[in-house]
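Okay, so here's the structure we're looking at.
The values are calculated or read from the model by the stated rules, or taken from the named source; none is laboratory data. A quick note: this is a predicted structure, and the numbers were derived from the prediction, not measured. Counting neighbours? That spans all protein chains shown, and the Cβs are built from the backbone with ideal geometry, glycine included. Quick note on the areas: whole protein, heavy atoms, side chains included, nothing else; ligands and nucleic acids left out. Shrake-Rupley method; radii C 1.70, N 1.55, O 1.52, S 1.80 Å.
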Amino acid sequence: MAVSLKAKKVLKELEERHKKNFDYIVKKYYPLYEVILSKKGKLDVSIDIKNNGEINLLVGSNPVLPTDRPLEFYKKQFEDFVKNPGLLAMSTLPSKVDGYDGVLHFETTKKFSQLPIYSKIDRNSIVLDMKTMPLVIVFGVGLGYHLQWLVEKFDVYHIIVVDIDFELIKPSLYTINWKKILDSITSKKGSISFIIETENPLDGIMALVNKIKQLHPAFGTYAFVYEHYENDFINLAKDYLKDRYSEVIQGFGFFDDEIWAVEHTYGNIKNKIPVYYGNYKVGPDTMPAFIVASGPSLDETIDLVKEHKDKAVIFSCGTALKRLMKEGIVPDFHVEIERTKDTYDKLMYQYDEEYFKNLFLTAASNVYPDTFLLTGKSAMFLKGGDSGMLFFENVKNIERLEPVNPTVTNGATMLALSMGFRELYFFGTDFGFVDPKKHHASKTVYEDKDFFAYKEEFENYFEVKGNFRETVYTEPIYDYSRIVLESQLSVFKNAGLKAFNLSDGAYINGTTPLKKEDFKLETPKYTKQEVLEFLYKNFRTDYLEIINPEESLKKYVEESKKTADQLIELHQKLYQVKDKPTLIQTLTEINHYIINLPLQQHTLFRGSLWHFHTYIYNTTFRIVNNEDFLTFIKDATDIVLEFLEKSKKTLDKIYSVC
């Protein structure tokens, strides 16, 4: 079929535009070329030019848009977005907290909650501002027209583009003016980023979440979502942001948490607690590991743990301990991860001197020091990314375990994987419940109404896919822990990992559901005692001859106080904020500094400041008039600056505590 003059003209225009875009990107925005344009994708993508001049995108021989007039489709889709924009919005406003006297983070949160603005605004209502778009998450590029129209019609500051293949980005160089897009974004001190699906979709989603954090985590609580097209990965990412981003906010941590980590790690060093080095690892077929948690379904499988206790190394998770104690089972490694004194108090609540003499406690290095003194054996593992790691900066031959949060199941699994176990069986790791009032196994501390952490029923629960049934209930922290566990397991999927889930709870991707009646365990080639004696070589106190905790602590305090001073100077710029655009720019600038801090200072300050920034950002989208906006910004800035001044005094007090 002959090519029309119209088609030839369009082809020439496309080629000229591609050359201009390509040359400009290479010259002015080389990182964009490096991370996207230079990469080779898997799809065969091309542009099809019809004789009428209309162009469409082809993947193989199939048009992406099944229409003869793709441009009209793009225009209609954009018009629909303008009329009814997709919005990722959540309420992350400060709430009054009681019972945390002396905890700087919560005292500051309380001051936020008492600001006059919260008696004026509707906490559940957003004042939609279509003119200013702090963040637009664009799912799908296609021919890219919508990207150009977005920056032409709105004040867009940050764009994150999510797609499934590098080749699907490149055709837009033929069709739109990338110079206009990039210049518009950078003139506002904004950014454009790309997230491309990886082999593991969860990794792609986490990359998206981390990109939002780099811009500013607050921006994820009020962001526009442009859906150009759908596929499994894009739908998964979209649903995760809508349903789970609140869990990202909850996982920030806070200033006092990191101070406790420093104090507790220092105390554990002074008590000469052995450290898990991680250089002695069992072979993949040595012996299986049992991960035993206190989910409700443990009632149905505890007999398997008891029957086969000599054929596997048992890792007990937190409150599963009392049930194991009742059954006469002594775990080989009892794992704890929480740094607060609650960990000690929970163990004391179920303390039995004879039983505890036989326990080997392996807990995170930031766990409350007296906890390690309760058991016959104890050791700490280094928690990667934790503030307490400041004491071990010069000790490179100790393995850092990460992630080990948000629940102790993550910590126990990470320890087992680190030790080399590649055949894992999960008992009572329900990450949910069939009955909201039955959220833990019987004969655990949670069955006792006098237990200080007793909870009759979770309030905020929802349905997820079940392991043995269609759906079960879960709650945000359990679900986040499951997602983290799936990521942990995915790292080892190419290392011969076999993971079996015997829990009647949430389905765990990366595990094989295994009914109790189908469970079989062969006699391992080594005795349990032989395996344990080998693993015990990992726990040593060699580090005491290398580190200088007093010197490390002094350096940490001095550097952190300098950081606080710099943060004070940066936050004073908030007084100059006059509207949402300048607020977005200022928060972006401050977060750029936070993100690029040395690890110890970044970990110390990020959590609380991200919470406070989120309060500020989220509140401004509920304020109607400019006078209230300016008053709130001033009041909020006063509170943040007071927090930073007090943080320096808290740092000085570490010396007296340690």
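Values computed for the structure shown
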item	result
Tabulated pairs, segment 235-257, first among the aliphatic types (A, V, I, L, M), second in a helix (DSSP H, G or I) and open to solvent by less than 40 Å² (accessible area, probe 1.4 Å), C-beta under 6 angstrom, 6+ apart or interchain	ALA237/ILE205; ALA237/LEU208; VAL248/VAL209
Unmet requirement for VAL624, which otherwise passes all of (1) open to solvent by 10 Å² or more (accessible area, probe 1.4 Å); (2) closer than 19 Å to ILE121 by Cβ; (3) in a helix (DSSP H, G or I)	(3)
Index of the failed condition, THR523 passing every other in (1) farther than 30 Å from THR619 by Cβ; (2) at pLDDT 95 or above; (3) of a type in the set (S, T, N, Q); (4) more than 31 Å from the chain's Cα centre (by Cα)	(2)
Residue in segment 199-215 that is open to solvent by 10 Å² or more (accessible area, probe 1.4 Å), modelled with pLDDT under 90 and more than 18 Å from the chain's Cα centre (by Cα) present	yes
Restricting segment 97-107 to residues that are among the aliphatic types (A, V, I, L, M) and in a loop (DSSP other than H, G, I, E, B), the residue that is least open to solvent (accessible area, probe 1.4 Å)	VAL103
Candidate set from segment 216-233 (those that are of a type in the set (Ser, Thr, Tyr) and buried (at least 18 other Cβ atoms within 10 Å of the Cβ)); member that is nearest to PHE605 (Cα to Cα)	THR221
Filter result (of a type outside the set (Val, Ile, Thr), open to solvent by 10 Å² or more (accessible area, probe 1.4 Å) and either out of contact with any His (no Cβ under 7 Å at 6 or more places or on another chain) or part of a helix (DSSP H, G or I) (or both)) within segment 234-255	ASN235, LEU236, LYS238, ASP239, TYR240, LYS242, ASP243, ARG244, SER246, GLN250, GLY251, GLY253
Any hit, segment 546-563, residues being open to solvent by 20 Å² or more (accessible area, probe 1.4 Å), among the aromatic types (Phe, Trp, Tyr), touching a residue at least 40 places away in the same chain (Cβ under 8 Å) and assigned to a helix (DSSP H, G or I)	no
Residues within segment 53-69 that are loosely packed, with under 13 Cβ neighbours inside 10 Å and either in contact with an Asp or Glu (Cβ under 6 Å, 6 or more places away or on another chain) or modelled with pLDDT of 85 or more (or both), tallied	3
Meets criteria (in a loop (DSSP other than H, G, I, E, B) and over 28 Å from TYR276 (Cβ atoms)) for LYS578	yes
Filtered residues of segment 350-386 (kept if modelled with pLDDT under 95, more than 24 Å from ASP542 (Cβ to Cβ) and in contact with a helix residue (DSSP H, G or I) (Cβ under 7 Å, 6 or more places away or on another chain))	GLN350, ASP352
Selection count, segment 1-49, where residues are within 26 Å of ILE195 (Cβ to Cβ), polar (S, T, N, Q) and in contact (Cβ under 8 Å) with a residue 12 or more places away in the chain	2
Looking only at segment 487-542, and only at residues there that are of a type in the set (A, V, I, L, M, F, W, C) and part of a helix (DSSP H, G or I), the one that is farthest from PHE433 (Cα to Cα)	PHE534
Elements of type helices (runs of 4 or more DSSP H) in segment 147-217, at least 3 residues being closer than 25 Å to SER246 by Cβ and among the aliphatic types (A, V, I, L, M)	201-215
Verdict on LYS110 being under 35 Å from the mean Cα position of the chain (by Cα) and either touching a residue at least 60 places away in the same chain (Cβ under 8 Å) or exposed (fewer than 12 other Cβ atoms within 10 Å of the Cβ) (or both)	no
Which listed residue is under 24 Å from the mean Cα position of the chain (by Cα) and polar (S, T, N, Q), from SER294, SER316	SER294
THR631 being out of contact with any helix residue (DSSP H, G or I) (no Cβ under 6 Å at 6 or more places or on another chain), part of a helix (DSSP H, G or I), open to solvent by 10 Å² or more (accessible area, probe 1.4 Å) and of a type in the set (Val, Ile, Thr)	yes
Residues (out of contact with any Lys or Arg (no Cβ under 9 Å at 6 or more places or on another chain) and either modelled with pLDDT of 90 or more or outside any loop (DSSP other than H, G, I, E, B) (or both)) located in segment 455-466	PHE462, GLU463, LYS465, GLY466
Among (1) of a type in the set (Asp, Glu); (2) in contact with a Ser or Thr (Cβ under 7 Å, 6 or more places away or on another chain); (3) open to solvent by less than 40 Å² (accessible area, probe 1.4 Å), the one test that GLU167 misses	(2)
Which numbered condition ASN494 fails, given (1) within 22 Å of PHE391 (Cα to Cα); (2) open to solvent by 90 Å² or more (accessible area, probe 1.4 Å)	(1)
Residue within segment 181-190 that is touching a residue at least 12 places away in the same chain (Cβ under 8 Å) and under 27 Å from ASP232 (Cα atoms) present	no
Given (1) farther than 27 Å from LYS396 by Cα; (2) among the charged types (D, E, K, R); (3) at pLDDT 85 or above, index of the condition ASP257 fails	(1)
Residue satisfying all of: in segment 376-416; charged (D, E, K, R), open to solvent by 10 Å² or more (accessible area, probe 1.4 Å) and in contact (Cβ under 8 Å) with a residue 12 or more places away in the chain; farthest from PHE333 (Cα to Cα) among these	GLU393
Within segment 497-509, considering residues that are under 24 Å from the mean Cα position of the chain (by Cα) and open to solvent by 10 Å² or more (accessible area, probe 1.4 Å), the one nearest to ALA289 (Cα to Cα)	LEU497
Evaluation of ARG469 against (1) more than 23 Å from the chain's Cα centre (by Cα); (2) modelled with pLDDT of 95 or more; (3) crowded, with 18+ Cβ neighbours inside 10 Å (one fails), failing number	(3)
Candidates ILE329, ILE337 - the one that is open to solvent by less than 10 Å² (accessible area, probe 1.4 Å), of a type in the set (A, V, I, L, M), free of Cβ contacts under 8 Å to residues at least 40 places away in the same chain and in contact with a helix residue (DSSP H, G or I) (Cβ under 7 Å, 6 or more places away or on another chain)	ILE329
Some residue of segment 277-289 being open to solvent by less than 40 Å² (accessible area, probe 1.4 Å), closer than 18 Å to LYS383 by Cα and outside any helix (DSSP H, G or I)	yes
